[in-house]
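S.K.: Here it is: the structure, laid out below.
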Amino acid sequence: MGKEQQQTYWRSLNELAQNEEYRKFVEREFPENATELTDGVSRRNFLQIMGASIALAGLAACRKPVQKILPYTRQPEHIVPGIPLYYASAVPFRGNLSGVVVETHEGRPTKIEGNDLHPGSNGKSNIRQQAAILDLYDQDRSRKVLRNGSDSTWEDFTAFCREHFADTGRRVAFLSEAHSSPTLERLRQSALNRFPNARWVTCEPFSEESVLNGTAMAFGRRLRPSYHFDKASVTLSLDDDFLQDSDNDVAHIGAFAQSRALASPDEEPSRLYAAESTYSLTGSNADHRLRIKSSEIPLFTFALAAHLSGEVSGLEAYAGYRNTFSDHSWISVLAEELMRNRGSSIITAGPEHDAPVHATVAAINHALGNTGQTVEYLDVPYTATADQNEAFAGLVREMGEGQIDTLVMIGTNPVYTAPADLDFQTALEQVPESLHLSLHYDETSRQSSWHVNRAHFLETWGDGHSFTGVRSVIQPLIQPLFNGKSETEFLNAVLSGEDAAGHQLVRETWQELLDGPFERGWNEVLHDGLQRGSRYNAVSVSLAGSFSAEAAGFLEAAEEPGGDSVELVVRPDPRMHDGRFANNGWLQELPDPMTKVTWDNVALMSPNTAERFGIPPTRRFGDPNQMVVRLRTASGDEAEIAAWVLPGHADNSITLHAGYGRQKVGRVADQVGVNVFPLRRSVSRLYCTAADVSATGRSYVIACTQDHHSLEGRPHVQDADLDHYRENPTFAQDAVYVPGIYGDREHPVSLFDDKQWPDHQPQWGMAIDLNACIGCGVCTIACQAENNIPVIGKREVRRGREMHWIRTDRYFRGDERGNPQVMHQPVPCMHCENAPCEQVCPVAATTHSDDGLNQMTYNRCIGTRYCANNCPYKVRRFNFFNYSKEYLTTGDDPEIIQMAMNPDVTVRFRGVMEKCTYCVQRISRAKIDTKNETGDTVKPSDGTVKTACQQACPANAITFGDLTDEKSIVSIQKSKDRNYLMLEELNVRPRTSYLAKIRNPNRQLSEPS
Amino acid sequence: MAQIFPEWVDNIPKRLQLATIIVITGIIFGFWYFGSPEYLEVGYAPNQPIPYSHKFHVSELGMDCQYCHGSAWKSAIAAIPPTETCMTCHEYVAVDSEPLQPLRDSWETGLPVEWIRVHDIPDHAHFNHSIHVNVGIGCVTCHGRVDRMEVVMKSESMSMGWCLDCHNNPAPHLRPVEEVTNMAWEPPDDHYQFAQMVIEKRNINAPIYCNACHR
């Protein structure tokens, strides 16, 4: 990049301000006091304990510990001890399945990967799927059936069901999570047949109900839009975080990355426009981003439709409509762009927006000819025919009036998630019998007369469909650890009073779903993880006759927002979703993709809005104390939550992430963050106007990793506009001056002798395509699951001790008061050939291997931390305390969590340095397998070794392989002109390289506002 | 003035020096010898819950190692066989034998026989059996003459230095793959040529970098 375009990247406003504390902070490797033993065990206490344990150890060591080997009595078929087996299964989330393959070691599931055959996964996965393994081994899961809070049994429960439901005239209400299970659907039908006065309501706090209502408005049918981002040249996201907050996010990310892939400067990547209030992950990947309040999105959408109505047919309902956005510069530019790309554009809107927005979006997509090209409308038989949010409100009203005798809750946690104005808790008290199936003894279980402990999906049989309707069986990998029951077993017990196995229930359903011989078809489904050819029907649509009238109605009702009123926007958290994952330590400790806050939720606002309420946008650098604001809605509901200034957030808008502030659920979830569901209302769920926002004067400590591992402003991320890239394809390599290059870029002069690599060894290398990376953070969780990385807790994270081997840095650039751009950069160990860490280790605990890995030998490490100090990339992590021991041996049942560990990776001890190994256990396995198979080589064929981060990455941003093979994918990636080395001028010769990000802005919108 | 200390006191520092040297040497030697894996590990032969005799089953009945420990050819682990493997014969043979009672108990209850581990390397070292036996390292090389053992005994130190001795110079320990389980195999006179041929043909470069075992 030319001098004139030299741009600065910053991670936080405090870094941008470059105050005194910042300089002090970056000079220290770890924040102040992080190197002192100040908590948990005090120093003096520690010495006493150490003294005692040395004495004990001295005596104890005289005896050789006796270890036992316990072989199988009857060895199960296919199990060879030491060789993992892989089974296809599926992960349910909000009623949709994603195909996965689960690795098991001697019957113990340890890792979840995507299923290559499954179109919703393509072998990839997201953070929730990766972290599901930890949920399985959650010690805090409910372990028993409870009757009014006291111990009971499953037998008592079935006996109760037999007696209670013998009276089929009861007014029973079933409250269920969204589902797409044929078995559950079969049971649902028989439940509704059996109880004539029964009703079935779906309760999902964040659902696609509005989307379905929107398509019903536009096309007369409740249809699910399915977008093909790979076929789109232009995408407009209206407050829709489709890369993250979607049931089909893995497929979306893959398709989106594919549409932006650039093999050479001649290719034409797609373009993404985003109009949104918060700075979402999708927005951070947009070429143009417009900051507008969520409450202005409907107006913006209608104005766009009105502008387009003059150019295409099908939008006549909007003709002549005008509002404040009609003259906005974006509207005409977008209209022109969309007109130019008819049939290859996509417009999406956030699922929580009201139905008119979705109806308008559907009408625009249809008018532009995108239907059947980039957008499909799927007929989903598992969605209800009526609006379930309304049905839920109606149910709560009836419960409150005493019109419901029995409430059967299958999953869901409405006491926690229901909108505050419905007052679900009071209504529940009016119901004589309430039955609740849940993984944890949660807020709703405590208020119910029966609680049944639920089985994790890896423990019982189930079935369902993916977002696009691919049918799968959920295959269990282990017997229920706590004797939990699946939703089908639970519902079956309610209906029949019998204890039927899930396996039998699912098989019964599938008798009708499979053609040909049943056993053969069933085994095929289990083997592949899906039923081939199954899919929801894409239907052809046309505008409903009533649409014009409806549109006239909602256009009439569209309100111009009050100038400086502040809106409160409640969104699902990227990690916790609605709180169902709150007891998962991996997810709690994963930094939020945009704010990098861990273990908390915060009130996101722009610098201007913060100032308006007396909150200074920049604070003393390194000060974890954030000011707490009190937010009050018009109905008087309040929440006090730490304010967080997010550059690029829309002014006069405050975003809150739900899913925190849970009570008495588990040791991880409790007391973390603030519950913001009370700020939500049952109508227009996404946003409401704040009646009052005020600083409380209190402060609250937030553990945020955005300034940890700072590279002090050096140009480590490279990006350019498409035009600039075409002019100078090697701009990223040319960005820095590398001393000592005399003609030959490959071999700059070095003080150190060149390393000699033996011919028989592969040479490993990695390339990370920043153009593909969207910053979701799945690499971090996949790595954590693969490499036995401990969870350390909020206090330790605040001290910069997070243990993640791969972190995703997020950089801002540009106007912090306006609309700064964002870059995401995953940073694992670079495996430098001239590794600075190796040169300073006094005990040679970190050295180089013959296949080019910078190896960390834990048993040699004495913990001087010189290596971390000398690492220019700040990728080394130190075990300040015995985190693994804390993590693996505390609690009432530590053996449960130990089952999640990967047996091929050493569990590290206190005082030991660790870092990314390029998944050396996978490399070793592949090399040994290759040698055993071929007899003469240890070079695995390309693609055999996949690092955990690479395997999980839905964007295919990470490639890994053998650099001695010129045809390997990683060699091809590294030969591209966008390839550059981070901090190349240091001449440490990293094996990990990056491919620069290319933006594709529209010249007509030169300055995004 | 009279001498306060008698004359022999002059020798104390000298003797003390000598004694210190001897004691320190003794301590060092003591640790070096008594603390070494060769002293501590070799010869460990705990009594097993069932007095299974390798000598009888291998030497007299002629059973091959692979009959029970076949996973060594596929996996990192050379597993102890399941009760089922024992019961293939002992359902018919020695059915009333008193020492075999734990085996029959295991078969009936489904609970494993609790064998005591003899060969144990630290958790931070990841040894893989399959890569060794498939290139022609004999069982006897590491486990000794198991065919002569009534009770299994650890016959090698299995220390890191011992591993590296072979990894630095594997040639003397290589044998034809079909002879891997042959406990009595002796290298022929032209073994050196054979080993060089195998090393070249099979590209044997026993790794000596840390990550090969420690990860």
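The values are calculated or read from the model by the stated rules, or taken from the named source; none is laboratory data. Predicted, not measured: the structure shown is a model, and the values here were computed from it. Cβ coordinates were reconstructed from backbone atoms using ideal geometry, including for glycine residues, and neighbour counts include every protein chain displayed.
S.K.: Inside the stretch A:453-470, can you point out the residues that are assigned to a strand (DSSP E or B) and closer than 16 Å to A:Leu505 by Cβ?
M.R.: Of the residues in the stretch A:453-470, the ones assigned to a strand (DSSP E or B) are A:453-454, A:462-466.
Within the stretch A:453-470, A:Arg454, A:Gly462, A:Asp463, A:Gly464 meet the criteria.
S.K.: Which residues, taken from the stretch A:372-405, are surrounded by 23 or more Cβ atoms within 10 Å (Cβ to Cβ), over 25 Å from the mean Cα position of the chain (by Cα) and polar (S, T, N, Q)?
M.R.: Matches in the stretch A:372-405: A:Gln388 only.
S.K.: Scan A:Gly818, A:Gly852, A:Gly777 and give me the residue that is within 14 Å of another protein chain (Cβ to nearest Cβ) and in contact (Cβ under 8 Å) with a residue 40 or more places away in the chain. I'd like the intermediate steps shown before the answer.
M.R.: Numbers: A:Gly818 fails: within 14 Å of another protein chain (Cβ to nearest Cβ); A:Gly777 fails: within 14 Å of another protein chain (Cβ to nearest Cβ).
Just one listed residue meets the conditions, A:Gly852.
S.K.: Which count do you get for residues in the stretch A:279-303 that are within 18 Å of A:Gly563 (Cα to Cα) and among the β-branched types (Val, Ile, Thr)?
M.R.: 2
S.K.: Okay, next question. What's the total number of residues in the stretch B:121-149 that are farther than 26 Å from B:Val198 by Cα and touching a Phe, Trp or Tyr at 6+ places or on another chain (Cβ under 8 Å)?
M.R.: Counting residues in the stretch B:121-149 that are farther than 26 Å from B:Val198 by Cα and touching a Phe, Trp or Tyr at 6+ places or on another chain (Cβ under 8 Å) gives 2.
S.K.: Quick one: in the stretch A:972-1009, which of the residues that are of a type in the set (Ser, Thr, Tyr) and in contact (Cβ under 8 Å) with a residue 60 or more places away in the chain is surrounded by the fewest Cβ atoms within 10 Å (Cβ to Cβ)?
M.R.: In the first step, residues of the stretch A:972-1009 are kept if they are of a type in the set (Ser, Thr, Tyr); the result is A:975, A:980, A:992-994, A:1006, A:1009.
From what's left, in contact (Cβ under 8 Å) with a residue 60 or more places away in the chain: A:980, A:992-994, A:1009.
On the way: A:Tyr980: 22, A:Thr992: 24, A:Ser993: 23, A:Tyr994: 27, A:Ser1009: 14.
Among residues in the stretch A:972-1009 that are of a type in the set (Ser, Thr, Tyr) and in contact (Cβ under 8 Å) with a residue 60 or more places away in the chain, the one surrounded by the fewest Cβ atoms within 10 Å (Cβ to Cβ) is A:Ser1009.
S.K.: So, in the stretch A:542-577, how many residues would count as being under 30 Å from A:Val672 (Cα atoms) and surrounded by fewer than 20 Cβ atoms within 10 Å (Cβ to Cβ)?
M.R.: Result for the stretch A:542-577: 1.
S.K.: Quick check on A:Arg865: is it in contact (Cβ under 8 Å) with a residue 12 or more places away in the chain and in contact with a helix residue (DSSP H, G or I) (Cβ under 9 Å, 6 or more places away or on another chain)?
M.R.: So A:Arg865 fails the test.
S.K.: Tell me which residues, restricted to the stretch A:190-216, are part of a loop (DSSP other than H, G, I, E, B), in contact with a Ser or Thr (Cβ under 7 Å, 6 or more places away or on another chain) and under 30 Å from A:Asn365 (Cβ atoms).
M.R.: Within the stretch A:190-216, A:Cys203, A:Pro205 meet the criteria.
S.K.: Right, next: Looking at A:Thr168, A:Thr153, which is the one that is among the hydroxyl-bearing types (Ser, Thr, Tyr), exposed (fewer than 14 other Cβ atoms within 10 Å of the Cβ), farther than 21 Å from A:Thr412 by Cα and modelled with pLDDT under 90?
M.R.: Only one candidate qualifies: A:Thr168.
S.K.: Name every residue in the stretch A:906-918 that is within 25 Å of the chain's Cα centre (by Cα) and either within 9 Å of chain B (Cβ to nearest Cβ) or small (Gly, Ala, Ser) (or both), in order of residue number.
M.R.: Across the stretch A:906-918, the qualifying residue is only A:Thr917.
S.K.: Suppose we keep only residues that are under 19 Å from the mean Cα position of the chain (by Cα) and among the hydrophobic types (A, V, I, L, M, F, W, C) within the stretch B:43-69. Which one would you say is farthest from the other protein chains (Cβ to nearest Cβ)?
M.R.: The residue in question is B:Val58.
S.K.: Within the stretch A:281-305, take every residue that is polar (S, T, N, Q) and over 29 Å from A:Ala319 (Cβ atoms) and give me the one that is nearest to the chain's Cα centre (by Cα).
M.R.: A:Thr282
S.K.: Next question, about the same structure. Consider only pairs whose beta carbons are under 9 Å apart and that are at least six residues apart or on different chains; among these, list those whose first residue lies in the stretch A:423-450 and is under 24 Å from A:Ala669 (Cα atoms) and whose second residue is buried (at least 18 other Cβ atoms within 10 Å of the Cβ) and acidic (Asp, Glu).
M.R.: Listed by first residue and then by second, the contacts come to A:Gln425/A:Glu443; A:His436/A:Asp442; A:Leu437/A:Glu487; A:Leu439/A:Asp135; A:Leu439/A:Asp138; A:His440/A:Asp138; A:His440/A:Asp140; A:Tyr441/A:Asp140.
S.K.: Filter the stretch B:114-133 down to the residues that are more than 9 Å from chain A (Cβ to nearest Cβ) and buried (at least 20 other Cβ atoms within 10 Å of the Cβ) and list them by number.
M.R.: B:His132, B:Val133
S.K.: Within 27 Å of A:Ser448 (Cβ to Cβ) and assigned to a helix (DSSP H, G or I), is that true of A:Leu187?
M.R.: yes
S.K.: Among the helices (runs of 4 or more DSSP H) confined wholly to the stretch A:522-639, which include 3 or more residues that are closer than 23 Å to A:Ser246 by Cβ and of a type outside the set (Gly, Ala, Ser)?
M.R.: A:585-589
S.K.: So A:Asn248 passes all but one of these: (1) closer than 20 Å to A:Pro574 by Cβ; (2) surrounded by 22 or more Cβ atoms within 10 Å (Cβ to Cβ); (3) of a type outside the set (Gly, Ala, Ser). Which condition number does it fail?
M.R.: (2) is the only condition that A:Asn248 fails.
S.K.: As an exercise: evaluate B:Leu111 against (1) outside any loop (DSSP other than H, G, I, E, B); (2) of a type outside the set (D, E, K, R); (3) at the interface with another protein chain (Cβ under 8 Å from one of its Cβ atoms) and give the number of the one condition it does not meet.
M.R.: Only one criterion is unmet by B:Leu111, namely (1).
S.K.: Still on this structure, I have one more. If you scan the stretch A:83-107, which residues turn out to be at pLDDT 90 or above and of a type in the set (Gly, Ala, Ser)?
M.R.: Those that are at pLDDT 90 or above and of a type in the set (Gly, Ala, Ser): A:Ala88, A:Ser89, A:Ala90, A:Ser98, A:Gly99.
S.K.: Something else about it: Output the number of residues of the stretch A:750-774 satisfying the condition of being among the basic types (Lys, Arg) and either more than 13 Å from chain B (Cβ to nearest Cβ) or closer than 16 Å to A:Ala720 by Cα (or both).
M.R.: 0
S.K.: Please count how many residues of the stretch A:61-100 are over 30 Å from A:Asp578 (Cα atoms), more than 7 Å from every other protein chain (Cβ to nearest Cβ) and in a strand (DSSP E or B).
M.R.: 2
S.K.: Can A:Pro591 be described as within 13 Å of the chain's Cα centre (by Cα), under 27 Å from A:Phe300 (Cα atoms) and surrounded by 15 or more Cβ atoms within 10 Å (Cβ to Cβ)?
M.R.: It is false that A:Pro591 is within 13 Å of the chain's Cα centre (by Cα), under 27 Å from A:Phe300 (Cα atoms) and surrounded by 15 or more Cβ atoms within 10 Å (Cβ to Cβ).
S.K.: Residues in the stretch B:83-99: is at least one away from chain A (no Cβ under 14 Å), of a type outside the set (Gly, Ala, Ser), in a helix (DSSP H, G or I) and under 19 Å from A:Gly82 (Cβ atoms)? Let's see the steps before the verdict.
M.R.: First, the residues of the stretch B:83-99 that are away from chain A (no Cβ under 14 Å): B:89, B:92-99.
From what is left, the residues that are of a type outside the set (Gly, Ala, Ser) are B:89, B:92-93, B:95-96, B:98-99.
Right, trim to in a helix (DSSP H, G or I) and you get B:89, B:98-99.
Now narrow it down to the ones that are under 19 Å from A:Gly82 (Cβ atoms): none.
No: the stretch B:83-99 contains no residue that is away from chain A (no Cβ under 14 Å), of a type outside the set (Gly, Ala, Ser), in a helix (DSSP H, G or I) and under 19 Å from A:Gly82 (Cβ atoms).
S.K.: Of a type in the set (S, T, N, Q), within 27 Å of A:Pro762 (Cα to Cα) and away from chain B (no Cβ under 14 Å): does that describe A:Asn834? Give the derivation first.
M.R.: Working: of a type in the set (S, T, N, Q): yes; within 27 Å of A:Pro762 (Cα to Cα): yes; away from chain B (no Cβ under 14 Å): yes.
In short, yes.
S.K.: Having 2 or more residues that are over 23 Å from A:Leu853 (Cβ atoms), touching a strand residue (DSSP E or B) at 6+ places or on another chain (Cβ under 8 Å) and within 14 Å of another protein chain (Cβ to nearest Cβ) is the bar; report the helices (runs of 4 or more DSSP H) wholly within the stretch B:134-215 that clear it.
M.R.: Fully inside the stretch B:134-215 and qualifying: B:191-201.
S.K.: Quickly run through the stretch A:976-1008 and pick out the residues that are among the acidic types (Asp, Glu) and in a loop (DSSP other than H, G, I, E, B). Full working, then the answer.
M.R.: Applying the first criterion (among the acidic types (Asp, Glu)) to the stretch A:976-1008 yields A:977, A:984-985, A:1007.
Matches in the stretch A:976-1008: A:Asp977, A:Glu1007.
S.K.: May I pose another question? Hey, any hits in the stretch A:831-847 for a residue that's acidic (Asp, Glu) and under 30 Å from the mean Cα position of the chain (by Cα)?
M.R.: no
S.K.: Still on this structure, please answer the following. Can you find a residue that is over 27 Å from A:Val822 (Cα atoms) and more than 14 Å from every other protein chain (Cβ to nearest Cβ) anywhere in the stretch A:919-942?
M.R.: Yes, the conditions are met somewhere in the stretch A:919-942.
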